[in-house]
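Provided herewith is a single structure, encoded as structure tokens, for subsequent inquiry.
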Amino acid sequence: MPQRTEYFHFQSVTTRWHDNDVYGHVNNVTYYSFFDTAVNTYLIETGGLDIHEGEVVGFVVSSACDYFASIAFPDRIEVGLRVGKLGNSSVQYELAVFKEGEEEACAAGRFVHVFVDRASNRPVAIPDRLRAALEPLVA
């Protein structure tokens, strides 16, 4: 099970009432939203990604998640983030969901962004400012 010490950046995320499913825990699909929130918040705040007007956007091309323990509203969670692979136009993020203050992950996942030119949808090199933000997270 992934441990908190294996991740380099943490993003607090608030669970919401409607995240719970009929079984009384956060539904599996919601974890992908947590991952997206953590990564994109980091890219916007640290890497300067302009999601509205920027020439470059990140497309998710692959994703997966493994589950170890349940979370439920109103749990407070933190998403741990690290980079497993940093390529020319793509990055593989490795993420884990932790209950606030806990050392063992409730879930761990990964996804790959390919950065593309907004106009052509063709892959481009990761912009320097984004690369500089991602490099400290490389595992």
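Here is a list: Asp50, Asp19. Which entry is of a type in the set (Asp, Glu) and within 23 Å of Glu135 (Cβ to Cβ)?
Details: Asp19 fails: within 23 Å of Glu135 (Cβ to Cβ).
The conditions single out Asp50.
Evaluate segment 75-93: report whether one residue or more is under 21 Å from Glu135 (Cα atoms) and open to solvent by 80 Å² or more (accessible area, probe 1.4 Å).
Looking through segment 75-93, at least one residue is under 21 Å from Glu135 (Cα atoms) and open to solvent by 80 Å² or more (accessible area, probe 1.4 Å).
Something else: With respect to the numbered conditions (1) open to solvent by 30 Å² or more (accessible area, probe 1.4 Å); (2) assigned to a loop (DSSP other than H, G, I, E, B); (3) modelled with pLDDT of 95 or more, which one is the sole condition not fulfilled by Ile126?
(1)
Right, here's the next one. Across segment 42-66, what is the number of residues that are part of a helix (DSSP H, G or I), open to solvent by 30 Å² or more (accessible area, probe 1.4 Å) and in contact (Cβ under 8 Å) with a residue 12 or more places away in the chain? Spell out the reasoning first.
Looking only at segment 42-66, we keep the residues that are part of a helix (DSSP H, G or I), and these are 42-45.
Now narrow it down to the ones that are open to solvent by 30 Å² or more (accessible area, probe 1.4 Å): 44-45.
Next, from what is left, pick out any that are in contact (Cβ under 8 Å) with a residue 12 or more places away in the chain: none.
The qualifying residues number 0.
In this structure, does Ser70 turn out to be among the small types (Gly, Ala, Ser), out of contact with any Pro (no Cβ under 6 Å at 6 or more places or on another chain), open to solvent by 60 Å² or more (accessible area, probe 1.4 Å) and in a loop (DSSP other than H, G, I, E, B)? So that I can check it myself, show each step before the final result.
Details: among the small types (Gly, Ala, Ser): yes; out of contact with any Pro (no Cβ under 6 Å at 6 or more places or on another chain): yes; open to solvent by 60 Å² or more (accessible area, probe 1.4 Å): yes; in a loop (DSSP other than H, G, I, E, B): yes.
Yes: the conditions hold for Ser70.
Could you please find all residues in segment 103-117 being surrounded by 14 or more Cβ atoms within 10 Å (Cβ to Cβ), touching a residue at least 60 places away in the same chain (Cβ under 8 Å) and outside any strand (DSSP E or B)? Steps first, answer last, please.
So in segment 103-117, the residues surrounded by 14 or more Cβ atoms within 10 Å (Cβ to Cβ) come out as 105-116.
Filter again for touching a residue at least 60 places away in the same chain (Cβ under 8 Å), leaving 105, 107-109, 111, 113, 116.
Hit for segment 103-117 is Ala105, nothing else.
May I pose another question? Can you report the number of residues in segment 1-18 which are open to solvent by 80 Å² or more (accessible area, probe 1.4 Å), within 16 Å of Glu104 (Cα to Cα) and either at pLDDT below 95 or not polar (S, T, N, Q) (or both)?
Matching residues across segment 1-18 total 2.
Going through segment 71-98 one residue at a time, which ones are of a type in the set (D, E, K, R) and within 13 Å of Pro2 (Cβ to Cβ)? Write out each step before concluding.
Filtering segment 71-98 down to residues of a type in the set (D, E, K, R) leaves 75-76, 78, 82, 85, 94.
Result: Glu78, Arg82, Glu94.
The values are calculated or read from the model by the stated rules, or taken from the named source; none is laboratory data. Not measured: the values here are computed from a predicted model. Here Cβ is always computed from backbone atoms with ideal geometry, including for glycine, and neighbour counts include all displayed protein chains. Note: accessible area is taken over every heavy atom of the protein model, side chains too, but ligands, DNA and RNA are not part of it. Shrake-Rupley method; radii C 1.70, N 1.55, O 1.52, S 1.80 Å.
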